[in-house]
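First up is the structure itself, then whatever we jot down about it.
Coordinate-derived values only; no laboratory data. In this text, all values refer to a predicted model and were calculated from it rather than measured experimentally. Every residue, glycine among them, receives a Cβ derived from its backbone with ideal geometry; neighbour counts consider all protein chains shown.
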Amino acid sequence: MTVTKSVSDFFKDQKLLITGASGFMGKVLIWKLLYSCPEVDTIYVLLRPKYGKPVETRLEEMLKTRIFNTFWSENPKLLKKIVPICGDVANTDLGLSPEGKKKLTDNVTVVFHVAATLKLDANLKDAVNMNTEGTWRLLHLSCEMKNLVAFVHTSTAYCHCDVPIMEERVYKPPEDPKNVMNLVHWMDRDILADITEKVISPHPNTYTFSKRLAEKLVADFYPQLPVAIARPSIVIPSYQEPMPGWVDNLNGPVGIMIGAGKGVIRTMLCNPDYNAEVIPVDLAINGLLAIAWKTGTTDPKNRPNEVPVYNLTQSDMNPMKWGEVVEKGKIIAHEYPFEMTLWYPGGNIRSNKLMHNIIVLLFHWIPAYFIDFIMLIVGQKRFMVRIQQKIHDGLRVLQYFTTHQWKFRNTKLLELRESMLKSDKEKFSLAMECIDPDSYMIDCVLGARHYCMKEDPASIPRCRRNIKILYVVDRIAAFMCYILVGWLIIRSTEFILRFFELYRSYTSQNLKTSS
């Protein structure tokens, strides 16, 4: 089929609905639409009131994010295209008012479903309500949309974690989605928590389980609806757009990078020989837009028999192993250190669980309790144990993905890329093989430092001097630990020898007495 319409031309005059617009991917999706598809008609964003703030106020605050500054200064009229709709995918009928529902069903032509609870260990009731039933509610609303041409559901590459080789198709879930939705409605939370592990098996957490159920629901609405499924891997800071290294949260690898860079995380359970299957947020968003374009420009008569699924993964395009990532990260973290570093960032990854747990005890928990004890003595607020507990919980759920290996097929993604116009291949790039790991990881560290931690780039020279001092302190502390361990070994050896000497004397005396 000859392509005659570009991605930007496809979105011209379209009226979109985006769920999850206030999240990391949602913000970049809105930015990219306004930047590369400025002739889009309207972008409806489904927002819920939060902390007593109406959706209009929440939108205003969201648009104050740094990435939207260019629009405010150069073309503020574009921001008027974003229209907040009060609603919540976790509520019945999406929490829409009759007026809000009519506005969406009468106008929306393209839906991007990005909303999800990203808590990997959320309780089953919340995960299913948000990720599974929320998708079901949006699909039902979409059936009433008079002019819908594309519905892109954002899933995850890990939603079928029991499948070692992940093809671009929907797999049968372990349980029927509707049965699970009914179950979480009537069953008590405490009882549900007791049986969660059995219900979600073979999944390691409720997130991947609920996302897998959602995929089945999307597939059930095909071809009635023009749906497609996008499966990004672990989404990380931007490669180029809206700016290199941009990120606004501490989820996943970013939080680990910051924790390790500040010397708080000293170990992580991870197989260094497994591929780090990650994707920059801007490439993931380009994938969503290209999928919507492909779905919306395909004649209904020519649609495939099964729902289109696209694995937005690196696969064999630009693979890097976790061990390589960590070693490069160490070098970069020393070159561009963080402020308020608690200890020299010299942690490592380990595939031996016993050794990992020993290091966690010695270098995570004991220092945390020691610091809190000092804070208690000086009358200050204790914080370190609480931070370590959050780190422990975060690592526990993330380490499943760093200790298992999957093979992701992305044939359809490559075919999608090849079907795009030459200009679109640059404008909406999916060329993961073109990313230079070294420069990109520098951008990630600087981005986390600047956008998440709000640290001034001018402080880097001072932080480098601090790192050198911490290195000397770390070496002295390590030397003292070796001396202590050696002393303990010597003392324990002396004790053991003395014990055997006493035992031998006692045995000899008894033998003489008996004879």
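What residue among 359, 242, 376 has its Cα farthest toward the positive end of the dipole of the chain, where the charges are +1 on Lys, Arg and -1 on Asp, Glu, each on the Cβ?
After comparing all options, I get 376.
Amide H to amide H under 5 Å from residue 82: which residues, 5+ apart in sequence or cross-chain, H placed 1.01 Å off N in plane?
Those lying under 5 Å, H to H, from residue 82 are 43.
Which semi-axes, in whole Å and largest first, does the equivalent ellipsoid of the range 313-390 have when worked out from the alpha carbon gyration tensor as the square roots of 5 times its eigenvalues?
Its equivalent ellipsoid spans semi-axes of 31, 17, 11 Å.
Arranged by the count of other C-beta atoms within 10 angstrom, fewest first, what order do 312, 124 take?
Values: 312 29, 124 23.
Arranged by neighbour count, lowest to highest, 312, 124 become 124, 312.
I need the calculated FRET efficiency for the pair residue 491 and residue 462, taking r as the beta carbon distance and R₀ as 25 Å, to the nearest 0.05.
Working: r = 43 Å, r/R0 = 1.72.
That gives a FRET efficiency of 0.05.
If a/c stays under 1.5 just call it rounded; otherwise compare a/b with b/c (prolate if a/b is bigger, oblate if not). Do that for the range 150-308, with a ≥ b ≥ c from the square roots of the Cα gyration tensor eigenvalues.
Numbers: a/c = 2.11, a/b = 1.12, b/c = 1.88.
Verdict is oblate for the range 150-308.
So, in Å, what gap is there between the alpha-carbon centers of the range 128-206 and the range 1-50?
Value for the Cα centre distance between the two parts: 25 Å.
What percentages make up the Cα-Cα pair-distance distribution of the chain when the bins are 10 Å wide from 0?
Per 10 Å bin, starting at 0, the Cα pair percentages come out as 3, 16, 26, 24, 15, 7, 4, 2, 1, 1, 0.
Taking trypsin sites (Lys or Arg not before Pro) as exposed when DSSP calls them loop (any state but H, G, I, E, B) and at most 11 other Cβ atoms lie within 10 Å, what is the longest stretch of the chain free of them, the sites themselves excluded? Each step should come with its number before you reach the end.
Numbers: sites that count: 64, 146, 381, 454.
The segment 147-380 is the longest one with no such site.
Using Cα pairs under 8 angstrom and six or more residues apart, how large is the relative contact order of the range 1-102, in percent? Walk me through the numbers before you get to the answer.
Details: 119 pairs, mean separation 25.9, N = 102.
Averaging sequence separation for qualifying contacts and normalising by length gives 25 percent for the range 1-102.
Calculate for the chain the 222 nm mean residue ellipticity that helices alone would give, adding -39,500 (n - 2.57) per DSSP H run of length 4 or more and normalising by residue count, nearest 500 deg cm²/dmol. Could you put the intermediate results ahead of the total?
Values: 20 runs with 254 residues, N = 515.
The helix-only estimate for the chain comes to -15500 deg cm²/dmol at 222 nm.
Of 5/27; 12/101; 262/321; 27/102; 330/454; 211/381, which ones are farther than 28 Å apart at the Cα? Intermediate values should be presented prior to the final figure.
Details: 5/27 26 Å; 12/101 23 Å; 262/321 23 Å; 27/102 25 Å; 330/454 21 Å; 211/381 40 Å.
Checking Cα-Cα distances, 211/381 exceed 28 Å.
Using θ = phi - 60° and the Karplus curve 6.51 cos²θ - 1.76 cosθ + 1.60, what whole-Hz ³J(HN,Hα) does each residue of the range 145-158 get, with Gly and Pro shown as x?
Coupling constants for the range 145-158: 6, 6, 10, 5, 10, 7, 10, 9, 9, 8, 9, 9, 5, 9 Hz.
Would you mind calculating the relative contact order of the chain from Cα pairs under 8 angstrom and at least 6 residues apart, reporting the percent as a whole number?
Computed over the chain, the figure is 16 percent.
Please give the net charge around residue 5, taking every other residue with its beta carbon less than 12 angstrom from that of residue 5, where Lys and Arg add +1 and Asp and Glu add -1. Walk me through the numbers on the way to the answer.
Working: positive: 12, 294; negative: 9, 424.
Summing Lys and Arg as +1 and Asp and Glu as -1 gives 0.
Tell me, what ³J(HN,Hα) does each residue in the range 476-489 have, in order and in whole Hz, if you take phi through Karplus 6.51 cos²θ - 1.76 cosθ + 1.60 with θ = phi - 60° and put x for Gly and Pro?
Each residue of the range 476-489 in turn: 5, 4, 5, 4, 5, 5, 4, 4, 4, 4, x, 4, 4, 5 Hz.
Compute the longest continuous run of the chain that contains no exposed chymotrypsin sites (Phe, Trp or Tyr not before Pro); treat a site as exposed when its DSSP state is not H, G, I, E or B and it has at most 12 other Cβ atoms within 10 Å.
Values: sites that count: 51, 383.
Longest gap between qualifying sites, sites excluded: 52-382.
Explain nothing, just the number: relative contact order of the range 48-142, from Cα pairs under 8 Å at least 6 residues apart, as a whole percent. Write down the numbers at each step before the final one.
Values: 57 pairs, mean separation 24.4, N = 95.
Result for the range 48-142 is 26 percent.
Quick check of the Kirkwood formula: for the range 357-423, what is the inverse mean of 1/r over all pairs of different Cα atoms, in Å?
Numbers: mean 1/r = 0.0630 Å⁻¹.
Across the range 357-423, the inverse of the average 1/r is 15.9 Å.
What does the charge count around residue 388 come to, taking other residues whose C-beta lies under 13 Å from its C-beta (Lys +1, Arg +1, Asp -1, Glu -1)? Intermediate results must be reported in sequence, preceding the final value.
Numbers: positive: 262, 266, 382, 386, 390, 396; negative: 372, 393.
Summing Lys and Arg as +1 and Asp and Glu as -1 gives +4.
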